[in-house]
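The values are calculated or read from the model by the stated rules, or taken from the named source; none is laboratory data. This one's a predicted model, so the numbers in the text were calculated from it and none came from an experiment. No Cβ is skipped: glycine too gets one built from the backbone with ideal geometry, and neighbour counts run over all protein chains shown. What goes into the accessible areas is simple: the full protein's heavy atoms, side chains included, and nothing from ligands, DNA or RNA. Shrake-Rupley method; radii C 1.70, N 1.55, O 1.52, S 1.80 Å.
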Amino acid sequence: QVQLVESGGGLVQAGGSLRLSCAASGSIFSINVMGWFRQAPGKQRELVARIGSVGSINYADSVKGRFTISRDNAKNTVYLQMNSLKPEDTAVYYCNLVQRPYEYWGQGTQVTVSS
């Protein structure tokens with residue numbers, strides 16, 4: 001069984017920063033991909049960023065240059081540093097872990113950016 005526990009969401013003004021953390025516990029494989037997705041009201045869940053256990057990284061075009069994903073493999077933790085936040089970044093952010101053939105989701109953390 002795998003659990004993902006997120007922290008770090010909140011309310012911030014446009015232009016501000018937040019850092020999200022997600023700690024994975026349980027049976028964690030050495031090869032996996034951890035990432036962040038987000039879902040705004042009335043919209044589909046979308047990829048924000050993901051990072052492989054060997055360091056490969058992907059970002060959504062909308063966050064490139066503003067968000068940075070990183071991970072600490074010893075702690076099974078993934079981070080998302082979000083800078084220059086915009087109101088359109090407002091969403092519930094979900095941590096995701098893929099270790100084939102399994103996929104896991106966190107409970108979500110709200111990020112609200114006020115204009």
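Here is how the numbers come out for the structure above:
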read-out: Filter pass, A40 being closer than 21 Å to E103 by Cα and touching a residue at least 24 places away in the same chain (Cβ under 8 Å); value: no
read-out: Search result, residues across the stretch 6-45 that are under 11 Å from the mean Cα position of the chain (by Cα) and within 16 Å of Q110 (Cβ to Cβ); value: E6, S7, G8, G9, R19, L20, S21, C22, W36, F37, R38
read-out: Residue that is farthest from R45 (Cα to Cα), among those in the stretch 73-115 that are loosely packed, with under 13 Cβ neighbours inside 10 Å and touching a Pro at 6+ places or on another chain (Cβ under 8 Å); value: S115
read-out: In the stretch 59-72, the residues that are exposed (fewer than 14 other Cβ atoms within 10 Å of the Cβ) and over 23 Å from G16 (Cβ atoms); value: D72
read-out: Residue list for the stretch 68-115, restricted to those being part of a strand (DSSP E or B), more than 13 Å from the chain's Cα centre (by Cα) and among the charged types (D, E, K, R); value: D72, E103
read-out: Hits in the stretch 43-54 - residues which are open to solvent by less than 100 Å² (accessible area, probe 1.4 Å), part of a loop (DSSP other than H, G, I, E, B) and modelled with pLDDT of 95 or more; value: R45
